[in-house]
Amino acid sequence: MAELVVGVIGAGVMGSGIAQVLAAAGCRALAYDISEAALEKARELVSRGRYGLAGAVERGKLSREQADAALARIEFTSQFEAAAQADLVVECVPEDLGLKLKTFRRLDAAAPARAILASNTSGFPIAALAGVTDRADRVVGWHWASPPPVMKLAEIVATPETSEATLKTVCALASACGKNPVVVKDTATAWGFVANRVYAAMLREAARVVDEGIATHEQVNQLMVDCFRWPVGPFAMVKGATGGWK
């Protein structure tokens, strides 16, 4: 994977973590964001965040040399077209369907014809994103979990148009990143694929428990960690995924 160039569109909590994982796996990662402030925060998260490269060295996950090499393979840019010049692009913009459709139209025009376009959406139909491009066979969902450097999830979402070659490439890259790729089918009738649909049902029930006065948010979190060995509880997961891991 050393020669693979991967663009990451959106350098927030998820995008910066994804760029870090890809770079650690040997890819050249082009991390794009429209905001210079977001890019600066992304650099900080990758370098010294809780699950950043410095922390990986402290925990013995990477050597200092490996961490330095990974950081050198990440380019943070505010130039969309530059980030699109890749073999594969992972879209990580906010969960707004209109914004994602606009991003995929723009990527289709800017990226090389060979490039695979992947979305980290939690549940929008991948077929809808593919439908605004001229490369439906090279559009796929690649759903990551937060924080990307830690979680093994690689939910690969295939439409009827997604080619076997595309799936093979994305699954191979996910494996090289230390993830466990599982290919699932796209859906146009319900929000989410497998992981988020099951998680959403669990979160609704957790909220009912709190609303009924049975337990507090903190107690629900602790019970789920203790009983099911989750890394954090459901409410802590929402907080970390949206606001970052302190």
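Scanning the stretch 28-87 for residues that are surrounded by 21 or more Cβ atoms within 10 Å (Cβ to Cβ) and of a type in the set (Gly, Ala, Ser) yields Ala29, Ala31, Ala42, Gly49, Gly52, Ala67, Ala70, Ala83, Ala84, Ala86.
Residue-wise test of (1) at pLDDT 95 or above; (2) assigned by TED's automatic domain parsing to the domain that holds Leu53; (3) assigned to a strand (DSSP E or B).
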residue	(1), (2), (3)
Val93	yes, yes, no
Arg105	yes, yes, no
Ala109	yes, yes, no
Ala118	yes, yes, yes
Asp134	yes, yes, no
Gly141	yes, yes, yes
Val150	no, yes, no
Glu155	yes, yes, yes
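For residues that are assigned to a loop (DSSP other than H, G, I, E, B) and either surrounded by fewer than 17 Cβ atoms within 10 Å (Cβ to Cβ) or among the β-branched types (Val, Ile, Thr) (or both), scanning just the stretch 164-203, find the one that is modelled with the lowest pLDDT. Result: Ala190. Only one of the listed residues (Ala42, Ala38, Ala19) is of a type outside the set (Asp, Glu), more than 30 Å from Lys168 (Cα to Cα), part of a helix (DSSP H, G or I) and assigned by TED's automatic domain parsing to the domain that holds Asp87. That residue is Ala38.
Restricting the stretch 146-163 to residues that are hydrophobic (A, V, I, L, M, F, W, C) and buried (at least 21 other Cβ atoms within 10 Å of the Cβ), the residue that is farthest from Ala127 (Cα to Cα) is Ala154. Inspection of the stretch 105-112 finds no residue satisfying the criterion of being crowded, with 16+ Cβ neighbours inside 10 Å, of a type outside the set (D, E, K, R), touching a Leu at 6+ places or on another chain (Cβ under 6 Å) and under 29 Å from Pro231 (Cα atoms).
Whenever a residue of the stretch 212-232 is in contact (Cβ under 8 Å) with a residue 24 or more places away in the chain, it has no partner that is surrounded by 14 or more Cβ atoms within 10 Å (Cβ to Cβ) lying with C-beta atoms less than 7 angstrom away and at least six residues away or across chains.
Which of the residues belonging to the stretch 169-199 are more than 15 Å from Leu153 (Cβ to Cβ) and of a type outside the set (Val, Ile, Thr)? If the condition is that a residue be more than 15 Å from Leu153 (Cβ to Cβ) and of a type outside the set (Val, Ile, Thr), then Ala172, Ala176, Lys185, Asp186, Ala188, Ala190, Trp191 are the ones that fit. Taking residues in the stretch 192-211 that are without any contact (Cβ under 8 Å) to a residue 40 or more places away in the chain, and partners anywhere that are polar (S, T, N, Q) and in a loop (DSSP other than H, G, I, E, B), the pairs with Cβ atoms closer than 8 Å and at least 6 places apart or on different chains are Val210/Thr216.
So that you can scan it fast, the table gives a plain yes or no per residue for (1) in contact with a helix residue (DSSP H, G or I) (Cβ under 8 Å, 6 or more places away or on another chain); (2) closer than 23 Å to Pro234 by Cα; (3) of a type outside the set (A, V, I, L, M, F, W, C):
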position	(1), (2), (3)
Ala154	yes, yes, no
Thr159	yes, no, yes
Lys168	no, no, yes
Val183	yes, no, no
Ala188	yes, no, no
Phe193	no, yes, no
Arg197	no, yes, yes
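The values are calculated or read from the model by the stated rules, or taken from the named source; none is laboratory data. These figures come from a predicted structure and were not determined experimentally. Cβ: placed from backbone, ideal geometry, glycine included. Neighbour counts: every protein chain shown.
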